[in-house]
Amino acid sequence: MAVSLGELAVRFGCELRGDPATAIERVATLAHADAHSLAFLANPRYRGQLADTRAAAVVLNPASAAGCRTAMLVCDNPYATYARIAALLYPAAPLVPGVHPSAVVAAGARIDPSAQVCAGAVLAQGVVIGPRVFVGPHCSLDRGVQLEPDVQLVARVTLGRDVRIGARTVIQPGAVIGADGFGFAPERHGWVKVPQVGSVRVGPDVEIGANTTIDRGAIDDTVIEEGVKLDNLIQIGHNVRIGAHTAIAGCTGISGSTTIGRRCMIGGAVNVNGHISIADDVLIAGASSVSRSITRAGAYASTFTVEEAHTWWRLVARFKRSAALGARLRRLERAAGLKPADDADARNDQHE
Amino acid sequence: MAVSLGELAVRFGCELRGDPATAIERVATLAHADAHSLAFLANPRYRGQLADTRAAAVVLNPASAAGCRTAMLVCDNPYATYARIAALLYPAAPLVPGVHPSAVVAAGARIDPSAQVCAGAVLAQGVVIGPRVFVGPHCSLDRGVQLEPDVQLVARVTLGRDVRIGARTVIQPGAVIGADGFGFAPERHGWVKVPQVGSVRVGPDVEIGANTTIDRGAIDDTVIEEGVKLDNLIQIGHNVRIGAHTAIAGCTGISGSTTIGRRCMIGGAVNVNGHISIADDVLIAGASSVSRSITRAGAYASTFTVEEAHTWWRLVARFKRSAALGARLRRLERAAGLKPADDADARNDQHE
Amino acid sequence: MAVSLGELAVRFGCELRGDPATAIERVATLAHADAHSLAFLANPRYRGQLADTRAAAVVLNPASAAGCRTAMLVCDNPYATYARIAALLYPAAPLVPGVHPSAVVAAGARIDPSAQVCAGAVLAQGVVIGPRVFVGPHCSLDRGVQLEPDVQLVARVTLGRDVRIGARTVIQPGAVIGADGFGFAPERHGWVKVPQVGSVRVGPDVEIGANTTIDRGAIDDTVIEEGVKLDNLIQIGHNVRIGAHTAIAGCTGISGSTTIGRRCMIGGAVNVNGHISIADDVLIAGASSVSRSITRAGAYASTFTVEEAHTWWRLVARFKRSAALGARLRRLERAAGLKPADDADARNDQHE
């Protein structure tokens, strides 16, 4: 599918610098583009590639235009504009409405005739599938699951009892939404399982990554609000609420009963405790750990970055001896006739 | 299903304060309960909600009873009592014994007639399924798998060759038990795969979370003892043994050949090295890392909690300059005519 | 299957000390071996077990031979030799060529007649399956997937559009290769999905663990080179390239557009940032975090190991008060009439 630069400029509201008749057939990176490819520049890290690219044209912002020798589509948000152009050039495969004969559909499931249910899917009683929904191979939908219009379950998605998924939400393979939360009451001789009688409500325009798990609520529902984006291998505990448009990178875990605000950005491999709340517009660096509530918007971190191992282990050894530093300071302060420092550190030292 | 407060008090050994005829239809949180709901108070964090709840009754302990204005079921362990009441009010769907016609069962598999095998399940030769077992949709059981009575494989559980699962154990969707362990012998030009000839033995009354993986043993079996509770997205390496009633939260990884004691509680996102052992009754804080064996019961941690990012990065910078602090102390000690501190820190400083 | 020690010595190039007629039927650990078992010693941690083992013979290196009282197969790399012997004693189940009747194969898929496609597998248009490939139960191969000879998809592996898997590569259950990468462009009111038009190329002799996810490239392909070994529950972001023979332990996440060198060894639960590169022959300790590129071979770490909790929290409190240490040092330096230390630490202190 080829589109002219002129048509792209008009359709996506860009300023075109170059020949409007140039045909664009595909997208490419700046480094690998050819004369039929459109590239983009959003991350300044790659600005150096602008001089040498062979792209037919580049989508970029006004500040970067000076360094570009090819045709350009100039706009304020080149990454979003690129995304829309790529969606035009690479349309999704059209739905093939109907239910594959190998799918197993319980009596009483309601499937909109415009929806597609693929091979090997299993739909239980009371499932409701809206218009233009795609249910990929090996998906399993337990009783009472409801899918709003245009939901896409790419493949092998498991939805537990009564889970509801909002319109246009995309769920990647292997995700499990609505498994029992981790609820066990301690007793003298082990644990008693706490029935998990809530479910999961996922809003519209959400994306859920591969092999990510979202547990059903213990009593009330676990809630993922509209526009939330979850990467792969994320764990969301029971009763969690994630606010609209928050994005969370892979391998992060959110423990039960925690509330996360709107428009947060949480890095990968972050660990968030249970029963806390995080305000709107919070950024958390990758590999951080959040033990207490965060009440103010802003950027937060608790990450260390690797050093060469011998340097690192020496730093750790010194960290573990930090009480000795305090003792040496006190000895010096006494020798110098200085009043002991009146700060938390000195006070704390004296109690150790 | 409605049950009277009086019946609940008798059946679960609670002291009832209120009208025994009150009908309980469902459970609810203190915040959302109505006049037909039973709530509970176990976490003191929520005690403030007791004054305003509209619950028909609350399960709580004697110490909390004074703050409660509704009917009460008073008992020593309100969380466990609540769990049992909820199980009564929300009984599991009854089994539908038999094998769904779309399931694929190899000749020679033995399935108890009281068991249910759902759509799309695949059972290989030599599989043995005990009484009242539930095998959910898309489960795959390789040769020689044995399921004891009342096992529940919720959906899409994959069990490798010869894996044995104890009575009443529940496995959530996406779990993989008995994949090959990560065993590769280094050679000059790469790795040689080490055959993983052991299997996995899971005891009774275990729960295994969604998308959790437990590798088969390299030679001997990997062993999960009775009553162990594993959350979602946990990795258990080959030859690991986890002691009875230990509970592990999500995203934690236990490397190969490590032994974990009984009744441990391990937080989420913990990393445990291979070839070590952890004593009984050990608590490990979330996001900690365990590199060496732990020989004594107790609580352990190595977690940092987020700070505002500019504060955090300054702390990290200071941490990395900690050698300079030592040098400044030595200079001061010399100037003050103090004998150098005779501690590990000072000695270590002098060798850097 | 029994093999004589003499045959093993000849076939695998070991020096035999003992009776060549001794029959070996199985492998065992040093601790659990009996008179028909072969054990091995590779990890010096287990050397103490050599004196008491009842094994028929032990595979070990010359340095360990003195401590062994049983028959021996002496060689330079006992772990690799053990691996090869175990593969001989425990041959893989032979393929049963053909397509199971419950598998769903689209018109136009090409399956080599020597390949085996198991129950419940779903193969889309344009899939190409090479000789002796094993496609386990519940695997799902989207359009254009290509599997080179001798690939093994153990069970329930999901391969996205156009994913190519190299010869002899083994993929464990639950792995998802080729789901959409985590690409969203921020806009004023949320996120725009960036089409992920690249795919994934996996080289030959790779192993991919259970429930591991490898995202398709945003534009160019994500690439896993030959001989790479990935453990369970690993997340590989879009456009990542992992160099040949690199091994990565479980629960590790590699963010998008990062390049990892050849022969690296990355521990479990490591977090690697996006858009960086790691040199060849880099070792990274488990639970470390890599925020910046690593340009030189060597060992790197940023791990803390657990302490008893009360000790740990005191260390953390002191760490957070480290600015106060600097202030006390400056006060002492002034009192002693010492010129302020001219180092980064002192300079930094003065600006706080």
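The values are calculated or read from the model by the stated rules, or taken from the named source; none is laboratory data. This structure is a prediction, so every number in the text was calculated from the model and none was measured. A quick note on method: Cβ atoms are made from the backbone with ideal geometry, for glycine too, and the neighbour counts reach across all protein chains shown. The accessibility values were calculated without ligands, DNA or RNA, using every heavy atom of the protein model including side chains. Shrake-Rupley method; radii C 1.70, N 1.55, O 1.52, S 1.80 Å.
Accessible area lost on pairing B with A, both sides, 1.4 Å probe, Å² to nearest 100? Don't jump to the answer; show the numbers that get you there.
Working: alone 19460 and 19460 Å², together 32690 Å².
Counting protein atoms only, the buried area is about 6200 Å².
Can you give the accessible area of residue B:52 in Å² (nearest 10), computed on protein heavy atoms with a 1.4 Å probe? Spelled out: residue B:52, probe radius 1.4 Å, area about 120 Å².
Of the residues A:231, A:112, ranked by 1.4 Å probe accessible area with the largest first, the sequence reads A:112, A:231.
Under the convention that each Lys and Arg Cβ holds +1 and each Asp and Glu Cβ holds -1, the size of the dipole of region C:169-307 around its Cα centre is about 260 debye.
Report the local net charge at residue B:217: Lys and Arg +1, Asp and Glu -1, summed over other residues whose C-beta lies under 11 Å from its C-beta.
Values: positive: B:201, B:216, B:241; negative: B:162, B:180, B:215, B:220, B:221.
With Lys, Arg at +1 and Asp, Glu at -1, the neighbours total -2.
Taking 4.7 Å between C-beta atoms as the pairing limit, chain C has these partnerless cysteines: C:68, C:118, C:139, C:251, C:264.
Kindly work out what percent of the DSSP beta bridges joining two residues of the protein assembly as shown are antiparallel, to the nearest 5. Don't skip to the end; give the middle numbers.
Details: 33 of 234 bridges.
Roughly 15 percent of the beta bridges in the protein assembly as shown run antiparallel, per DSSP.
In this structure, residue A:92 and residue B:339 have a Cβ-Cβ separation that, at R0 = 60 Å, corresponds to a calculated FRET efficiency of about 0.20. Can you find, among A:182, A:206, A:170, the residue sitting farthest towards the positive end of the charge dipole of region A:145-237, where Lys and Arg contribute +1 and Asp and Glu -1 at Cβ? After comparing all options, I get A:182. Only Cα pairs under 8 Å and 6+ residues apart enter the sum, and on that basis the relative contact order of chain B stands at 6 percent. The charge dipole of the protein assembly as shown, taken about its Cα centre with unit charges on the Cβ atoms of Lys, Arg (+1), Asp and Glu (-1) only, comes to about 2120 debye. Of the listed residues B:22, C:303, the order by accessible area with a 1.4 Å probe, largest first, is B:22, C:303.
Per-residue Karplus couplings for region A:206-214, computed as 6.51 cos²θ - 1.76 cosθ + 1.60 with θ equal to phi - 60°, are listed in order as 8, 10, 10, x, 4, 6, 6, 10, 10 Hz, Gly and Pro entered as x.
Projecting the Cα positions of A:2, A:75, C:103 onto the charge dipole of the protein assembly as shown (unit charges on Cβ atoms of Lys, Arg, Asp and Glu, taken about the Cα centre) puts A:75 furthest along the positive direction. Lys-Lys pairs in the protein assembly as shown that are eight or more residues apart or on separate chains and whose Cα atoms lie under 18 Å of each other come to 6.
What a 1.4 Å probe finds exposed on chain A is 51% carbon and sulfur by accessible area, rounded to a whole percent. The listed residues B:295, B:305, B:29, once ranked by accessible area (1.4 Å probe) with the largest placed first, stand as B:295, B:29, B:305. Interface residues of region A:222-253, defined as those with an accessible-area decrease of at least 30 Å² between the chain by itself and the complete set of protein chains (probe 1.4 Å), are A:229, A:231, A:232, A:233, A:235, A:245, A:251. In terms of the Cα gyration tensor, with a ≥ b ≥ c the square roots of its eigenvalues, is region C:6-105 rounded because a/c is under 1.5, prolate because a/b exceeds b/c, or oblate? Note, shape of region C:6-105 comes out prolate.
At 1.4 Å probe size, with every protein chain present, just tell me what the per residue accessible area of region B:1-71 comes to in Å².
Numbers: 3680 Å² over 71 residues.
For region B:1-71, the per-residue accessible area is 52 Å².
Taking all Cα pairs closer than 8 Å and separated by 6 or more residues, the relative contact order of region A:108-225 comes to 19 percent.
For the pair region B:66-95 / region B:205-251, the C-alpha centres are spaced 29 Å from each other.
Positive end of the dipole of region A:235-341 (Cβ unit charges, origin at the Cα centre): among A:246, A:266, A:337, the Cα lying farthest that way belongs to A:337. 3J(HN,Hα) along region B:21-27: 7, 4, 8, 9, 9, 7, 9 Hz, from the Karplus curve 6.51 cos²θ - 1.76 cosθ + 1.60 with θ = phi - 60°, whole Hz, x for Gly and Pro. Per-residue SASA remark: residue A:47, around 120 Å² accessible (1.4 Å probe; ligands, DNA and RNA not included).
May I ask for the distance between the Cα centers of region A:1-59 and region B:102-118, given as a whole number of Å? Between the Cα centres of region A:1-59 and region B:102-118 lies a distance of 58 Å. Measure out, as a whole number of angstrom, how far apart the alpha-carbon centroids of region A:253-272 and region A:273-329 sit. Taking the Cα centre of each part, region A:253-272 and region A:273-329 sit 17 Å apart.
Per-residue SASA remark: residue C:41, around 10 Å² accessible (1.4 Å probe; ligands, DNA and RNA not included). From the square roots a ≥ b ≥ c of the eigenvalues of the alpha-carbon gyration tensor of chain C, which class results: rounded (a/c under 1.5), prolate (a/b over b/c), or oblate? Here chain C falls in the oblate category.
Which of rounded, prolate or oblate describes the protein assembly as shown when judged by the alpha-carbon gyration tensor and an a/c cut-off of 1.5?
Working: a/c = 1.14, a/b = 1.14, b/c = 1.00.
Rounded.
Within region C:229-348, all pairs of alpha-carbon atoms sorted by distance into 10 Å bins from zero give the percentages 13, 32, 17, 22, 12, 4, 0.
Taking each DSSP H run with n ≥ 4 as -39500 (n - 2.57) and averaging over every residue of the protein assembly as shown yields -4500 deg cm²/dmol at 222 nm.
Can you check what the net charge comes to around residue C:256, using other residues whose Cβ is under 12 Å from the Cβ of residue C:256 (Lys, Arg +1; Asp, Glu -1)?
Numbers: positive: C:216, C:241; negative: A:231, C:180, C:215, C:220.
Combined, the nearby Lys, Arg, Asp and Glu give -2.
Is there a quick way to get the dipole size of region C:1-141? I mean about its Cα centre, with the Cβ of Lys and Arg at +1 and of Asp and Glu at -1; what is the value in debye to the nearest 20? Please report the intermediate quantities before stating the final value.
Working: 10 positive and 8 negative charges, 40 e Å.
For region C:1-141, the charge dipole is close to 200 debye.
In order along region C:91-98, the Karplus-derived 3J(HN,Hα) couplings, from 6.51 cos²θ - 1.76 cosθ + 1.60 at θ = phi - 60°, round to x, 4, 4, x, 5, 10, x, x Hz, and Gly and Pro are given as x.
All other residues with a Cβ under 11 Å from the Cβ of residue C:174 taken together, and with Lys, Arg as +1 and Asp, Glu as -1, what is their net charge? Value of the local net charge: +3. Among complete DSSP H helices in chain C, none has alpha-carbon atoms stretching at least 18 Å along the helix's long axis together with a mean Kyte-Doolittle hydropathy reaching 1.6.
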